[in-house]
Amino acid sequence: MVCPPPPPNSQDSSDAPNAPNVDDSDKTAVISGDQETLKKELARAKEQAACLIIIRGQPQGHRFFLTQPEMIIGRDQAADIVVSDQSISRKHGKIAEIGGKVTLTDLGSSNGTFINDVRLEPGSTRPLEKEDMIKMGNSIFKYLPAGELEILFYGNLGSAAHTDSLTRIYNKGYLIEALEAEFKRAKALHNDFSILFFDLDHFKKVNDTYGHDAGDFVLKEFTALIRSSHLRPKDVFARYGGEEFVVLLSATGAKAAAELAERIRAAIEAHAFIYEGKRLPITTSLGVAEMHAGVTSAQTLLKAADKALYIAKDAGRNRVEVAGA
């Protein structure tokens, strides 16, 4: 949890003149709550893979999780970590795990690879340490080992331009960028790629019956449940608009995507959305679409998932439909 700094020239209440007495039990409760939050955050952090975070470049704040034994970094769409920076070589560098250490190798890049401002010789390899700064072309990455709490911080912070202010997941603008990149990459590498398109059933009725504050509560609870319990770190989860959401699933075929969609559907149906002492009846409908030879563009794939969603809604809601099934 990141707390805002105190206002300028503010004083600690214990030093201020005529400071009111503070009940020690209140202090203990606050500290206990903070410690509990920290424990939960640390537990979540332990599940995170090592990653590179874009400190300078686009999209700023984005995390690239190091989930494979070897990963190529470059602007080539076939690279494992694709960076849209014309000053970066098509295959600029390679991240690999050797003897339990994550290493970086320069692959003979045109503009060089720098770690903490020290240039790597072409073809040479160096182990990475926590918070090493890696410069490739005009982009700078920060390396964080697996399990670091700071990985969560960057995940929450991200870039304001790419984050939905209410749910704190990606917004539609970022989704469209990521969809195009993932589609091109999957096509180039002949990898599986699927999309989930879903929304909340009868959400307008929730707003009309319980008020828009209740609606906002549901949207935040809904996204938090899905993000924390059902998605991989590399999955792109975005709010498409209103109560509509999309998940991009790289290296995932239709069968696995449909199974995930069903787990999400069941979890939402079973979850107790309690607002002001009342349980709100919340369910979700989901459409699934998989990239195949007949899908000619990223937008075609998105529309297929959207169409499957509407079939699910027309069939009675609270269900999963797969495009073309």
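Between Asp213 and His230, what is the spin-label point distance in nm, taking each point 7 Å from the Cα along the Cα→C-beta axis?
With each label point 7 Å from Cα toward Cβ, the separation is 2.8 nm.
Apply the Karplus parameterisation 6.51 cos²θ - 1.76 cosθ + 1.60, with θ equal to phi minus 60°, to every residue of the stretch 300-305 and state each ³J(HN,Hα) to the nearest whole Hz, in sequence, with x for glycine and proline.
Residue by residue, the stretch 300-305 yields 4, 5, 4, 5, 5, 5 Hz.
State the Cα centre-to-centre distance between the stretch 262-325 and the stretch 188-211 in whole Å.
Spelled out, the Cα-based centre of one part sits 6 Å from the other.
Using a 1.4 Å probe on the protein chains only, how many percent of the accessible area of the stretch 136-282 belongs to carbon and sulfur? Don't skip to the end; give the middle numbers.
On the way: 3380 of 6530 Å².
Ligands and nucleic acids excluded, carbon and sulfur reach 52 percent.
So for the pair Ala325, Ile55, with labels modelled 7 Å out along Cα→Cβ, what separation do we get in nm?
4.6
If each of Arg126 and His202 carries a label point 7 Å out from its Cα toward its Cβ, how far apart are those two points in nm?
Label-label distance for Arg126 and His202, simple model: 6.1 nm.
Write down the radius of gyration of the stretch 81-144 and its Dmax, each obtained from C-alpha positions, in Å.
10.9, 33
Per residue, how much accessible surface does the stretch 165-283 expose to a 1.4 Å probe? Answer in Å², no decimals. Can you show the working numbers first?
Values: 5500 Å² over 119 residues.
Accessible area per residue, the stretch 165-283: 46 Å².
Calculate one ³J(HN,Hα) per residue across the stretch 132-148 by plugging θ = phi - 60° into the Karplus curve 6.51 cos²θ - 1.76 cosθ + 1.60, and present them in order as whole Hz with x for glycine and proline.
Along the stretch 132-148, the couplings run 4, 9, 10, 10, 10, x, 9, 9, 10, 10, 10, 9, 10, x, 4, x, 7 Hz.
What whole-number value in Å² describes the accessible area per residue of the stretch 55-147 for a 1.4 Å probe?
Numbers: 4520 Å² over 93 residues.
Value for the stretch 55-147: 49 Å² per residue.
Counting DSSP beta bridges with both partners in the stretch 181-325, what percentage is antiparallel, nearest 5?
Numbers: 22 of 25 bridges.
Antiparallel: roughly 90 percent of the beta bridges in the stretch 181-325.
Is there a pair in Lys142/Lys184; Lys101/Lys142; Lys142/Lys172; Lys94/Lys184; Lys205/Lys278 whose C-alpha atoms are over 18 Å apart, and which pairs would that be?
On the way: Lys142/Lys184 26 Å; Lys101/Lys142 16 Å; Lys142/Lys172 26 Å; Lys94/Lys184 20 Å; Lys205/Lys278 15 Å.
Flagged as over cut-off: Lys142/Lys184; Lys142/Lys172; Lys94/Lys184.
Could you pull the accessible area for Ser84 with a 1.4 Å probe, rounded to 10 Å²?
We get 110 Å² for Ser84.
Would you please give the FRET efficiency between Ser110 and His190, computed as 1/(1 + (r/R0)^6) with r the Cβ-Cβ distance and R0 = 45 Å, to the nearest 0.05? The partial results should precede the final answer.
Details: r = 28 Å, r/R0 = 0.62.
Rounded to the nearest 0.05, the efficiency is 0.95.
Figure the gain on full extension for Lys172 and Arg119 (residue separation times 0.36 nm, minus the Cα-Cα span) and round it to one decimal in nm.
Working: separation 53, 0.36 × 53 = 19.08 nm, distance 3.78 nm.
Length gained, Lys172 through Arg119: 15.3 nm.
Along the stretch 314-324, what does the Karplus equation 6.51 cos²θ - 1.76 cosθ + 1.60 (θ = phi - 60°) give for ³J(HN,Hα), rounded to whole Hz, x for Gly and Pro?
Listing the rounded values in order: 5, 7, x, 6, 6, 7, 10, 10, 9, 4, x Hz.
The values are calculated or read from the model by the stated rules, or taken from the named source; none is laboratory data. Note that the structure is a prediction, hence the values are computed from the model and not measured. Counting neighbours? That spans all protein chains shown, and the Cβs are built from the backbone with ideal geometry, glycine included. Surface accessibility is based on the protein's heavy atoms, side chains included, excluding ligands, DNA and RNA. Shrake-Rupley method; radii C 1.70, N 1.55, O 1.52, S 1.80 Å.
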